[in-house]
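The values are calculated or read from the model by the stated rules, or taken from the named source; none is laboratory data. Keep in mind it's a predicted model, so treat the numbers as computed, not measured. Using ideal geometry, Cβ is built from the backbone for each residue, glycine included, and neighbour counts are taken over all protein chains shown.
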Amino acid sequence: MAKHIHRYERAKIGKEYVVYRCNLPNCNHYLARHLVKGKISLCNRCGNPMLMGALQLSLAKPHCMNCIKPKGEQDKIKQMLEGIG
């Protein structure tokens, strides 16, 4: 297998042991949760490389800061625009 940047997703082994596994085809790479922070990974949405930080570790399928869509922001913007028109 050629070296590549892993695309992680959170998984459980047993009832409580959390690991991150690479979800690319033909890759059987697993890493414990405490070892993933600070690693380079591929975004699960856009596919660009990103740094695994605290926010990414809170997501089941980590994605980069560019792909984060804050909840409620779109509704606030829509309401403001409707108020203007």
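Key figures
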{"read-out": "Subset tally (residues that are touching a residue at least 24 places away in the same chain (Cβ under 8 Å) and under 12 Å from HIS4 (Cα atoms)) for region 24-34", "value": "2"}
{"read-out": "Test: residue in region 63-72 that is surrounded by 10 or more Cβ atoms within 10 Å (Cβ to Cβ) and either at pLDDT 90 or above or of a type in the set (Gly, Ala, Ser) (or both)", "value": "yes"}
{"read-out": "Strands (runs of 3 or more DSSP E) contained entirely in region 17-59, each with at least 1 residues that are touching a helix residue (DSSP H, G or I) at 6+ places or on another chain (Cβ under 8 Å) and at pLDDT 95 or above", "value": "17-22, 40-42, 49-51"}
{"read-out": "Verdict on ALA11 being surrounded by fewer than 15 Cβ atoms within 10 Å (Cβ to Cβ), assigned to a strand (DSSP E or B) and under 15 Å from the mean Cα position of the chain (by Cα)", "value": "yes"}
